[in-house]
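Read-outs throughout are calculated quantities, based only on the coordinates presented, and are distinct from any laboratory measurement. In this text, all values refer to a predicted model and were calculated from it rather than measured experimentally. Using ideal geometry, Cβ is built from the backbone for each residue, glycine included, and neighbour counts are taken over all protein chains shown.
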Amino acid sequence: MSSIADCRVIDLGKISSDKGSLTYAETDYNLPFEVKRVYYTYDIPAGAERGGHSHIDQHELVIAASGSFKITLNDGKKKQTVFLNNPQKGLHIAPGIWRELIDFSTGSVVLVLASDIYLEEDYIRDFNDFIKNK
Ligand code: TYD
């Protein structure tokens, strides 16, 4: 069973030149799982909260591709809040961790790399069910 200790901010590195910056995520180099799906959320209104679920098997890497936001993590025993505001860094969220995304800055873009295709059966969306399964 995963805990918050299994979640960490990964510095993906950056290639900079006078043309700008480039960051990449590559399995077995700086990414601890294989990516099967990418999604991104944007046009997020002030005060919105996203997430509010855990995954049974899937790993995710969450990147503030633009702007900033906070992610609260809860493993059923411990809680931690991570602030993301740098597109060079991604938060690896292991399976079995409840996450909520809050405090989005204007124009923020949440880029997520996920270890599997979209499977609703991999979600726990009810916090009481999440706690019951701990
Ligand atoms: P949801 O998981 O509630 O988004 P968030 O965690 O960012 O708040 O997803 C919103 C809707 O989008 C929901 O109906 C499921 C659907 N969805 C897909 O169809 N495919 C996907 O890859 C994702 C992430 C969501």
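Annotations
- Note on VAL38 and ASP11: their simple-model spin labels are 2.4 nm apart, each label 7 Å out from Cα toward Cβ.
- Phi angles of region 16-21 translate, via the Karplus equation with coefficients 6.51, -1.76, 1.60 and θ = phi - 60°, into HN-Hα couplings of 10, 8, 5, 8, x, 10 Hz per residue; Gly and Pro are given as x.
- With a Förster radius of 30 Å applied to the C-beta separation of PHE127 and SER21, the computed FRET efficiency comes to 0.20.
- Taking 7 Å steps out from each Cα toward its Cβ at GLN88 and ASP116 produces label points 3.4 nm apart.
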